[in-house]
Structure formats: C-alpha cells, structure tokens
Amino acid sequence: MSNKMARSLSVVLTLLGLIALWELLCFVLEIPKYLLPTPTDILQRIFVDWAMLVRHSGVTLVEIFAGFGLSIVIGIPFAIVVVYSKYASQAFFPILIGLQCIPMVSLAPLLIVWFGFGMLSKVLIAFLISFFPILVNTIAGLKSMEKDMFMLSQSLRANSMQVFLYFRLPKALPSIFAGFKVGITLAVVGAVVAEFVSSERGLGYLQLVASSKLDVTLQFCVIVALAIIGLGLYNLVSILERMSIPWYKASRGGE
Amino acid sequence: MAGKHIVIQDMEKVFKTRSGDVQALTKVNLDIEASSFISIVGPSGCGKSTLMNLLAGLEAPTGGTIVMDDKVVKGSETGNAVVFQKDVLLEWRTVIENVLLPLELKNITWFDRKDKKTNRDMAKELLQMVGLEGFEDKYPFEMSGGMRQRVAICRGLIQNPTLLMMDEPFGALDALTREQMMYDLLKIYSKFKFTVIFITHSIEEAVFLSDRVIVMSPRPGSVLKDIKIELDRPRGINSRKDQRFIQYVDEIRSVFQSQGVLSEV
C-alpha cells in the first residue's frame with residue numbers, strides 16, 4: 001500500500017516538475033502566447049471559460065457514452081452469435097475483419113450526409129470505431145475455454161446454457177474488459193473526429209472555432225478537457241474491471 | 001453405500017485423423033468389482049486417458065460395450081465423479097464455490113437430502129477432511145498445486161459418487177505432496193467405499209493404492225496383465241517396505257521391460 005502511494009506521489013511530482021519546466025521555458029525563451037501559452041495562462045482561461053468548456057464537454061461525453069454503450073449492446077450479442085453459429089464464424093466474420101481495415105473516421109463525412117449534423121452521426125462514428133475491438137476481444141475470450149474445462153463441464157452433465165453461463169462467459173470476462181479499454185479510448189477519438197467534420201456543439205467543434213480564431217490558449221483548454229475525459233473514462237473501465245473480476249488482476253500478480 | 005460394478009466388453013476406440021485412423025484401444029475386456037480400487041498403468045500414449053474418458057462417458061467407444069450396474073453406459077452417468085490431471089478449478093470462484101459447483105449445476109439443495117444438511121455444510125466438511133479448513137473463501141490462485149488438487153477432489157466427492165475416476169491426478173505435483181495425497185486418498189477411499197479407477201504411469205503409486213493393477217500395452221492399448229495386489233489395508237508408509245510390495249513393483253516393471261517400454265543402456 002505504501003509502495004503504491006510512493007509510486008503515485010512520484011508520478012504527481014514528476015508531472016508538476018514538467019509543468020514547472022514548461023512555465024519556465026516559456027518565460028526564459030520569451031515564447032509568444034499565440035504560439036505556446038504557459039500552464040498558468042491555460043489554467044486561467046479554463047477558470048474564465050469554465051461554463052462553456054463544461055457545456056461542450058457534456059455534449060461530447062454523451063456522444064462517447066452513447067457510441068460506446070451501443071457497441072457493447074451490439075458487440076457482445078454479436079460475438080456470441082459468431083462463436084456459436086458456424087455460418088456467422090465462417091462466412092460473416094472474415095467480412096467483418098475486412099471491414100475493420102477501413103479507417104472508420106473516413107466514413108464520417110458520409111454518415112453526416114446520411115444522418116445530419118446532429119448528435120446521431122457522431123454517436124454512430126464513436127460506435128463504429130469502438131465496436132470492433134469489443135467484438136474481436138469478446139470472440140477471443142469466448143473461444144478461450146480449454147478442452148479440460150469442457151470435459152469437466154461434460155462430466156458434470158452441464159447443459160449448453162450452463163456451459164455458457166458457468167464456464168465460457170466468466171472465462172471470457174478478462175478479454176471482454178480488455179476490449180472495453182481499447183473501445184472507450186477509441187470512442188473518444190471517434191466522437192471528436194466526427195465533430196471536426198461537421199457540428200455545432202462539442203469539444204471538437206470548440207477546437208475548430210478556437211483554431212479559426214487563432215486562439216491557441218483555448219485549443220489547449222480543449223486538449224486538457226479531452227485528456228481528462230480520456231483518462232477518466234479509461235480509469236472508470238479499470239475500476240469496473242477490478243470490481244467484477246477481482247480474481248483476475250490478482251492472479252497475475254499485477255497492481 | 002456400495003460402489004459401481006463395471007463390465008467392459010470388447011471395447012475398441014478408433015480416432016479418425018487427417019493422416020488416417022488411429023487405433024487407440026483394441027479389445028479391452030475387464031470386470032471391475034464393486035467398491036474395488038483399480039489402477040491402470042501404461043506408457044504415455046497407450047490409451048489410458050481414452051479408457052477413462054470412455055468410462056466417464058465423455059467419448060463414445062467405436063466398438064464393444066461398457067456396462068455399469070447392469071446399465072449400458074451412454075454418456076456421463078449419475079454417480080460418476082471425475083478428477084483430471086489438471087485441477088481445472090474455476091479461477092473466478094472461491095474454493096467453496098468450486099466445491100459446490102456440481103450441486104449448483106444440478107440444482108441440488110438441502111431439501112433433496114435425507115440428512116437435510118445444507119450444501120455449504122457438506123462442502124465445509126469435505127474441505128476439513130482434506131485439511132483445507134479455513135480456506136473456503138480463498139481464490140484458487142492463492143493456493144498451491146497440492147491444495148488446488150484437493151479442492152478438485154472435494155468437488156468430485158460432493159457429488160456423492162459411486163464411481164470415482166482419476167486421470168493422473170497427482171501427475172503435476174512434487175514427490176512429497178504426491179505421497180501425502182496418496183495417504184489422503186486412501187483415507188477417503190476407506191470412508192466412502194466407492195469404486196475407484198485410477199490412471200497413472202507410476203508403478204509404485206498403482207501398487208501402493210490398489211486392489212488390482214491393470215498393465216496396458218503401448219498403442220494400440222490393450223490389457224497386458226491383470227495383477228491382484230494382496231497387501232493388507234489400511235496401508236501406510238510401512239506397506240512400501242513389505243516384501244510383497246517390492247515383488248509386485250518388480251513384476252510390473254519386468255512386464256514393461258519385456259515390452260521394450262523400459263530398457264537399460
């Protein structure tokens with residue numbers, strides 16, 4: 001425990017040191033504010049434009065949550081179908097893997113034509129980009145049951161529903177969570193990029209507006225907001241993981 | 001409670017593989033008395049595990065029949081419990097939850113039992129018997145190999161089996177733990193008096209534990225020799241010093257020598 005605290009402390013101190021160095025270099029090298037604002041400039045601006053930043057963050061967050069939620073709700077049942085149906089795994093899955101190679105963000109302009117400038121097109125991009133890692137990881141997890149475990153389930157006369165609920169699904173959870181972690185990070189990317197393409201709200205929109213006004217400080221504020229959102233969501237998934245599969249991290253001696 | 005009486009007649013098993021058929025077992029005939037302890041020894045790949053899988057109903061024979069208590073075996077029968085070489089504990093369940101798994105899958109509760117003991121009490125009793133008192137709520141990853149295999153044995157025992165099948169259950173354990181597990185198994189056997197089929201490649205282990213040792217030939221597996229072990233029960237550390245113990249071990253070893261399974265330089 002004290003070891004863990006010492007580690008977090010060293011992270012915080014290093015971060016503060018780097019920020020101080022940034023501040024110092026801006027001052028010493030006399031870098032103009034329109035190229036690189038100092039950390040205090042950014043902090044001040046966040047304070048001033050707090051309400052606006054929160055409003056746009058809220059919009060982007062909703063898009064992320066909706067897109068990510070959609071990819072869970074669709075991805076997991078889909079993975080189960082692929083694992084259990086021979087047709088889906090032989091004919092459908094290879095096509096999906098091929099589709100995955102298309103950069104999803106390249107679909108953004110098209111989806112905006114189809115679904116308009118509103119939130120729906122952003123949710124769909126966030127969904128498309130986070131869907132595949134969740135699907136692929138869930139499939140890998142559901143297929144990870146060893147022969148021994150299957151033999152055990154048969155010797156205990158478990159029916160196929162029980163094999164799924166008692167053996168296959170819990171066995172897949174670590175892999176499913178690995179997919180969630182990749183998925184949530186990508187959902188943030190998807191939502192912001194979709195906002196870049198065309199929008200009236202959200203952090204991506206705010207970033208474009210700031211850019212067009214050459215307001216570099218505001219751009220940094222947006223980056224800070226996105227960093228906080230990305231880190232926060234990733235940690236949220238990690239906490240959920242630790243709560244639902246306490247046996248996993250510990251059994252591998254990690255953290 | 002008595003164990004199962006097993007009759008194996010002309011059993012064969014052929015595996016179809018890409019490079020042609022592989023005959024794993026050929027013409028196996030055995031009559032296993034109720035409540036006896038039978039060991040099956042043989043070299044790797046002789047079909048010992050296949051034989052157990054057939055008995056456990058996990059695979060179907062390609063010829064011949066297996067009859068248990070006058071009933072032809074078709075699939076995994078009630079009263080069978082299997083312990084595998086790997087403990088196959090479910091990592092996401094605590095020790096006691098692992099032991100309770102078979103009852104949960106079959107929806108058996110205290111209501112179905114005459115003594116009206118709760119499932120948890122029964123699991124606790126079994127864990128206590130194998131020396132795992134106080135470990136109920138630990139996860140498998142917190143335990144050593146020997147302890148894990150004890151949990152797997154308890155998971156077998158809670159089904160109240162009349163036939164316990166073990167496929168090299170101590171194969172992955174160190175020598176000392178292995179010896180202790182043998183004493184524990186004998187204690188359990190004397191208490192439950194079920195039929196035991198014990199697969200091993202250790203000659204000493206087979207002789208020490210069993211009433212009968214079946215020696216199998218290299219592939220295709222068949223019964224080479226059927227040796228009755230007449231050592232007194234209960235057996236203990238002193239049984240190993242018994243002259244007859246040494247003779248039995250020698251006898252089985254010479255069978256393997258004659259088969260070319262064992263050879264000196």
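Selection of region B:111-142 for residues being over 20 Å from residue B:185 (Cβ atoms), assigned to a loop (DSSP other than H, G, I, E, B) and of a type outside the set (D, E, K, R) yields B:118, B:134, B:139. For residue B:50, the stated conditions do not hold, so it cannot be described as among the hydroxyl-bearing types (Ser, Thr, Tyr), open to solvent by 10 Å² or more (accessible area, probe 1.4 Å), away from every other protein chain (no Cβ under 14 Å) and more than 23 Å from residue B:186 (Cβ to Cβ).
So that you can scan it fast, the table gives a plain yes or no per residue for (1) under 30 Å from residue B:87 (Cβ atoms); (2) over 17 Å from the mean Cα position of the chain (by Cα):
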| site | (1), (2) |
| --- | --- |
| B:185 | yes, no |
| B:194 | yes, no |
| B:226 | no, yes |
| B:231 | yes, yes |
| B:243 | no, yes |
| B:262 | yes, yes |
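Picking from residues in region B:69-87 that are part of a loop (DSSP other than H, G, I, E, B) and within 7 Å of chain A (Cβ to nearest Cβ), the one that is farthest from residue B:52 (Cα to Cα) is B:86. Taking region B:143-169 as the range and being part of a loop (DSSP other than H, G, I, E, B) and within 20 Å of residue B:201 (Cα to Cα) as the test, the residues that pass are B:168, B:169. Among the residues of region A:1-57, those identified as touching a Ser or Thr at 6+ places or on another chain (Cβ under 8 Å) and open to solvent by 60 Å² or more (accessible area, probe 1.4 Å) are A:22, A:27, A:33, A:45. In region B:222-256, the qualifying residues are those that are under 27 Å from residue B:8 (Cα atoms) and in a helix (DSSP H, G or I), and the one that is most open to solvent (accessible area, probe 1.4 Å) is B:253. When you check residue B:208 against the structure, is it part of a strand (DSSP E or B), touching a helix residue (DSSP H, G or I) at 6+ places or on another chain (Cβ under 9 Å) and within 30 Å of residue B:31 (Cβ to Cβ), yes or no? Spelling it out, it is not the case that residue B:208 is part of a strand (DSSP E or B), touching a helix residue (DSSP H, G or I) at 6+ places or on another chain (Cβ under 9 Å) and within 30 Å of residue B:31 (Cβ to Cβ). Which residues, taken from region A:19-71, are in contact with a helix residue (DSSP H, G or I) (Cβ under 6 Å, 6 or more places away or on another chain), among the polar types (S, T, N, Q) and in a helix (DSSP H, G or I)? Of everything in region A:19-71, those that are in contact with a helix residue (DSSP H, G or I) (Cβ under 6 Å, 6 or more places away or on another chain), among the polar types (S, T, N, Q) and in a helix (DSSP H, G or I) turn out to be A:57, A:60, A:71.
Of the listed requirements (1) open to solvent by 30 Å² or more (accessible area, probe 1.4 Å); (2) over 30 Å from residue B:158 (Cβ atoms); (3) acidic (Asp, Glu), residue A:146 misses just one: (2).
Checked against (1) open to solvent by 10 Å² or more (accessible area, probe 1.4 Å); (2) within 11 Å of chain A (Cβ to nearest Cβ); (3) touching a residue at least 40 places away in the same chain (Cβ under 8 Å), residue B:90 passes all but a single condition, namely (1). Does residue A:183 qualify as being farther than 30 Å from residue A:31 by Cβ, surrounded by 19 or more Cβ atoms within 10 Å (Cβ to Cβ), in contact (Cβ under 8 Å) with a residue 60 or more places away in the chain and not aliphatic (A, V, I, L, M)? So residue A:183 fits the description; yes.
Evaluating residue A:157 against the criteria (1) within 14 Å of chain B (Cβ to nearest Cβ); (2) within 18 Å of the chain's Cα centre (by Cα) leaves one unmet condition, (2).
Looking only at residues in region B:93-102 that are open to solvent by 10 Å² or more (accessible area, probe 1.4 Å) and outside any loop (DSSP other than H, G, I, E, B), which one is farthest from residue B:148 (Cα to Cα)? That would be B:100.
Among the residues of region B:170-204, those identified as outside any helix (DSSP H, G or I) and open to solvent by 40 Å² or more (accessible area, probe 1.4 Å) are B:172, B:174, B:193, B:201.
The values are calculated or read from the model by the stated rules, or taken from the named source; none is laboratory data. Note that the structure is a prediction, hence the values are computed from the model and not measured. Cβ sites come from the backbone with ideal geometry, for glycine too, and all protein chains shown count toward neighbours. Keep in mind that these areas ignore ligands, DNA and RNA; they rest on the heavy atoms of the full protein, side chains included. Shrake-Rupley method; radii C 1.70, N 1.55, O 1.52, S 1.80 Å.
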